[in-house]
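Read through the structure below, which is laid out as structure tokens, and then see the notes.
The values are calculated or read from the model by the stated rules, or taken from the named source; none is laboratory data. Since this is a predicted model, take the numbers as computed values, not measurements. Because the Cβ atoms are built from the backbone with ideal geometry, glycine has one as well, and the counts that use them run over all protein chains shown. In case anyone asks, the SASA skips ligands and DNA or RNA and just uses the protein heavy atoms, side chains included. Shrake-Rupley method; radii C 1.70, N 1.55, O 1.52, S 1.80 Å.
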Amino acid sequence: DTEVTQTPKHLVMGMTNKKSLKCEQHMGHRAMYWYKQKAKKPPELMFVYSYEKLSINESVPSRFSPECPNSSLLNLHLHALQPEDSALYLCASSQDGGAGSPLHFGNGTRLTVT
Amino acid sequence: RKEVEQDPGPFNVPEGATVAFNCTYSNSASQSFFWYRQDCRKEPKLLMSVYSSGNEDGRFTAQLNRASQYISLLIRDSKLSDSATYLCVVNWGYGQNFVFGPGTRLSVLP
């Protein structure tokens, strides 16, 4: 069982829709991440929150908007996406600040943009 | 040069075989190292952290060579269930700087 929970598991949305992906962890981790993964490629970092503050934004288009309401929750708001944004979106968490702390991934949301 | 490189694969091996994967990293300041496995259409799952002295977990052995900047993963007595993509992940320092290798696909054949 994963300790990082993502909802929904699957999402189909049109290019004019607004939707949100949600992620929750209760491991007391202080860093939370959004990754995007295309088929046969490794995960690609999008955003990192550390202690509820955005610490890394990997030049992600503004149609993706992250939000960290508290230390356990991470959202990704989606608006006006393109078909090429279809991918597996992975949330992860880590203890942060300590060398040797691995990433823990959620099950992911498989997004299809039509 | 890519920051983290892995054997291109795919590796197709019979059940019971021993298989080894290599991973090289470019940043000599890298602090911590991990192997993840990822099944098709699933999330990556931590297989093992890699420690300086090397470490073993059942059929899996990980080694780190800081001088040559590579890590390895050895799988003994391969099972069908070991079929997956193996991702090498390097952390460049404290906190958030995780860099992924491209992954190596393993297929264990009956």
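Here are the numbers:
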{"quantity": "Residues located in the stretch A:46-93, provided they are among the polar types (S, T, N, Q), without any contact (Cβ under 8 Å) to a residue 60 or more places away in the chain and farther than 24 Å from A:Gly14 by Cβ", "calculated": "A:Ser50, A:Ser55, A:Asn57, A:Ser59, A:Asn70, A:Ser71, A:Ser72"}
{"quantity": "Failed item in (1) in contact with a Gly (Cβ under 6 Å, 6 or more places away or on another chain); (2) closer than 22 Å to A:Val48 by Cα, with B:Thr85 passing the rest", "calculated": "(2)"}
{"quantity": "Strands (runs of 3 or more DSSP E) lying entirely in the stretch B:15-110 (those with 2 or more residues that are more than 9 Å from chain A (Cβ to nearest Cβ) and without any contact (Cβ under 8 Å) to a residue 60 or more places away in the chain)", "calculated": "B:19-25, B:32-38, B:44-50, B:55-57, B:60-65, B:70-75"}
{"quantity": "Single residue of the stretch A:18-41 satisfying the filter (open to solvent by 70 Å² or more (accessible area, probe 1.4 Å), assigned to a strand (DSSP E or B) and of a type in the set (Lys, Arg)) that is nearest to the other protein chains (Cβ to nearest Cβ)", "calculated": "A:Lys22"}
{"quantity": "From the options B:Ser81, B:Ser28, B:Ser107, B:Ser49, residue that is small (Gly, Ala, Ser), surrounded by fewer than 19 Cβ atoms within 10 Å (Cβ to Cβ) and within 12 Å of the chain's Cα centre (by Cα)", "calculated": "B:Ser49"}
{"quantity": "Complete set of residues in the stretch A:1-17 that are surrounded by fewer than 17 Cβ atoms within 10 Å (Cβ to Cβ) and either more than 27 Å from A:Thr114 (Cβ to Cβ) or of a type in the set (Lys, Arg) (or both)", "calculated": "A:Asp1, A:Thr2, A:Glu3, A:Lys9"}
